[in-house]
Amino acid sequence: MNVPLLIACLVCAPTLQAQEPVDTTIIARIAEKARAGSRVRPLFTYLTTTIGPRLAGTPAYNQAAAWAADRFRDWGLQNVQLEPFAFGRGWSLQGLTLEMTAPRYFPLVGYPEAWSAATAGMVVGAPVYIGDWTEAQVRARAAQLRGRIVLATRPQPGFIDADRPQPTESEGRARIGAPPTLRAEGPVDRQALSALLREVGAAAMLQPSQGQHGTMFVLGRRTTPPDAVPSIILASEHYGLLVRMLQAGDPLTLRVAVDVAYHDADSNSYNVIADLPGTDSVVGNEVVMMGAHLDSWHSSSGGTDNADGVAVVMEAMRILKALGIQPRRTVRATLWGAEEQGLLGARAHVARHYEGETNAVARERVSVYFNVDPGTGPIYGWYLEENVPAGRIFDVWIGALREHGARRNVIDRIGSTDHVPFNVAGIPGFNAVQDYVDYDVRTHHTNTDFYERVRETDLQQAAIVLATFVYHAAMRDDKIPR
């Protein structure tokens, strides 16, 4: 930025903030409805307890999408729809046996990766440790691996033991980003090793996780072929135990069985969309959007990733409708599918409705998109995506929410979630700044991300902040600056 422009921005900023209206009466009404009449806990409970894991492409995900659409209809929202997009084959775990039977009995803790193949029945025998084998050694010793359980990598060399810094508690530019990857490896790359073990006919492969204290980060690839070697992530402490026992010459025997189901009757997944229509004759067809991703991984019920975000978006929409708000612009709630497989639902929606010259008018009608995903707990502010003009507006609104736990907005960008396709298309998209306490080390994509990780008061606070931002964006004279 050149010096004259910088000076002009500094001079204009206080004037703009002074002129940006804040409806404190509405904020008070939103807060009262969010606390005294809260429905956010039942929403969160239904997702995490009644439905549970919501892996894209599964009956459980489709159940969650239909349930959310039904709630929106019950609340009197309009244009409620399940928007399909191409996804592919779904996958569910149907059964798992994972235990040591000799030299003593010991149940092992692990989870197959999503889209893992099934084993050919129960596999019983001594495992083979190949963590130090080269590709040439694997091929030369193929006979030793055919039909065997394989310990595929070296033991875990370290653990994720620190969460990313909290951006609102640091000065200057925030340090944004997940902890480093600390995956155990061997001489052969993991992806290449999987193909190699399939070639030599191994029965199952076990790998450790970078989590500690029994925490396992369990993901998966939807492109995994059904005849791949079944892949199981084992608690790192248990994996290390097995390797040490083999190295000590103990007569080790394991029993492993993986049973899975594939879902290919419907190759689509679905976004959930609901509107509170705009009432202004001039800007009523413009849209203010908020959203969160409805899908999760399969080793837990996705409490912080992202049932809390879904419950907050639904509750914010319910509050605005229950208060009888008649927004100038249309307010739209969106729950995205297949975020965990690469933002697929949000990307498909943006491509269908907002990308390219044919969608130029529709794109210009979207004022802003607010996303709730990475992190958990209260909404402290928003990552501003380096959008300084929008930041001046948001700073005023955050200032009016300090008594409700808001802190400040962060100028930086954040990636890897559903606001990104909107920004790529030229629509201002922002993600909430939330807590990272125990998020990276304990809950994000792990087997511990359950109901207990989230507090009701935090969900209520987040609904207050989100509903307030959506309301003010829908009511202001101008759209949010690009």
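Does ARG318 qualify as being surrounded by fewer than 24 Cβ atoms within 10 Å (Cβ to Cβ), outside any loop (DSSP other than H, G, I, E, B) and of a type outside the set (A, V, I, L, M, F, W, C)? When the stated conditions are applied, ARG318 does not pass them. Being under 19 Å from ALA474 (Cβ atoms) and more than 19 Å from the chain's Cα centre (by Cα) is the filter here, so list the residues in segment 358-390 that pass it. Of everything in segment 358-390, those that are under 19 Å from ALA474 (Cβ atoms) and more than 19 Å from the chain's Cα centre (by Cα) turn out to be ALA362, ARG363, GLU364, ARG365, VAL366, SER367, VAL368, ASN387, PRO389, ALA390. Does segment 338-357 hold any residues that are in a helix (DSSP H, G or I), of a type outside the set (S, T, N, Q) and under 24 Å from the mean Cα position of the chain (by Cα), and which are they? Once the filter is applied, which keeps residues that are in a helix (DSSP H, G or I), of a type outside the set (S, T, N, Q) and under 24 Å from the mean Cα position of the chain (by Cα), segment 338-357 yields GLU339, GLU340, LEU344, GLY345, ALA346, ARG347, ALA348, HIS349, VAL350, ALA351, ARG352, HIS353. In segment 325-332 there is at least one residue that is in contact with an Asp or Glu (Cβ under 6 Å, 6 or more places away or on another chain), buried (at least 24 other Cβ atoms within 10 Å of the Cβ) and either at pLDDT 95 or above or of a type in the set (Gly, Ala, Ser) (or both). Among the residues making up segment 48-95, those that are of a type in the set (S, T, N, Q) and farther than 21 Å from THR446 by Cα are ASN62, GLN63, GLN78, ASN79, GLN81. Does GLY291 satisfy the condition of being surrounded by 24 or more Cβ atoms within 10 Å (Cβ to Cβ) and in a helix (DSSP H, G or I)? So GLY291 fails the test. Considering (1) at pLDDT 95 or above; (2) touching an Asp or Glu at 6+ places or on another chain (Cβ under 8 Å); (3) more than 17 Å from PRO167 (Cβ to Cβ), the lone condition that HIS445 does not fulfil carries the number (1).
For segment 270-284, the count of residues that are small (Gly, Ala, Ser), within 25 Å of the chain's Cα centre (by Cα) and within 15 Å of GLY131 (Cβ to Cβ) is zero. Here ASP418 does not fit the description of being assigned to a helix (DSSP H, G or I) and among the acidic types (Asp, Glu). The residues of segment 382-408 that are touching a residue at least 40 places away in the same chain (Cβ under 8 Å) and outside any helix (DSSP H, G or I), listed by number, are TRP382, TYR383, LEU384, GLU385, ASN387, ALA400, LEU401, GLY405, ALA406, ARG407, ARG408. Close Cβ contacts (under 9 Å, 6 or more residues apart or on different chains) running from residues in segment 96-115 that are at pLDDT 95 or above to residues that are basic (Lys, Arg) and in a loop (DSSP other than H, G, I, E, B) comprise GLU113/ARG221; ALA114/ARG221; ALA114/ARG222; TRP115/ARG89; TRP115/ARG221; TRP115/ARG222. On the stretch given as segment 233-261, residues that are part of a strand (DSSP E or B) and more than 16 Å from GLY125 (Cα to Cα) total 5.
Among the residues of segment 205-212, at least one is more than 26 Å from the chain's Cα centre (by Cα), at negative phi, assigned to a strand (DSSP E or B) and touching a residue at least 40 places away in the same chain (Cβ under 8 Å). The listed residues are ARG222, ARG154, and the only one of them that is in contact (Cβ under 8 Å) with a residue 24 or more places away in the chain, among the basic types (Lys, Arg), within 25 Å of PHE450 (Cβ to Cβ) and in a loop (DSSP other than H, G, I, E, B) turns out to be ARG222.
Of all residues in segment 219-234, those that are out of contact with any His (no Cβ under 9 Å at 6 or more places or on another chain), buried (at least 17 other Cβ atoms within 10 Å of the Cβ) and not hydroxyl-bearing (Ser, Thr, Tyr) total 7. Considering (1) under 20 Å from LEU241 (Cβ atoms); (2) touching a strand residue (DSSP E or B) at 6+ places or on another chain (Cβ under 7 Å); (3) at pLDDT 95 or above, the lone condition that GLN156 does not fulfil carries the number (3). For segment 72-82, the criterion of being modelled with pLDDT of 95 or more and under 20 Å from GLY303 (Cβ atoms) is met by none of the residues.
Show me the helices (runs of 4 or more DSSP H) found entirely inside segment 1-52 where at least 2 residues are at pLDDT below 95 and surrounded by 13 or more Cβ atoms within 10 Å (Cβ to Cβ). Don't jump to the end; show me each part of the working.
Working: elements: 3-19, 24-36, 40-45.
It comes to 3-19.
Put simply, of GLY405, GLY429 the only residue that is small (Gly, Ala, Ser), farther than 30 Å from THR279 by Cα, in contact with a helix residue (DSSP H, G or I) (Cβ under 8 Å, 6 or more places away or on another chain) and at pLDDT 95 or above is GLY405.
Restricting to segment 411-428, and then to whatever is touching a Pro at 6+ places or on another chain (Cβ under 8 Å) and of a type outside the set (A, V, I, L, M, F, W, C), can you tell me which residue is nearest to THR48 (Cα to Cα)?
THR417
The values are calculated or read from the model by the stated rules, or taken from the named source; none is laboratory data. In this text, all values refer to a predicted model and were calculated from it rather than measured experimentally. Using ideal geometry, Cβ is built from the backbone for each residue, glycine included, and neighbour counts are taken over all protein chains shown.
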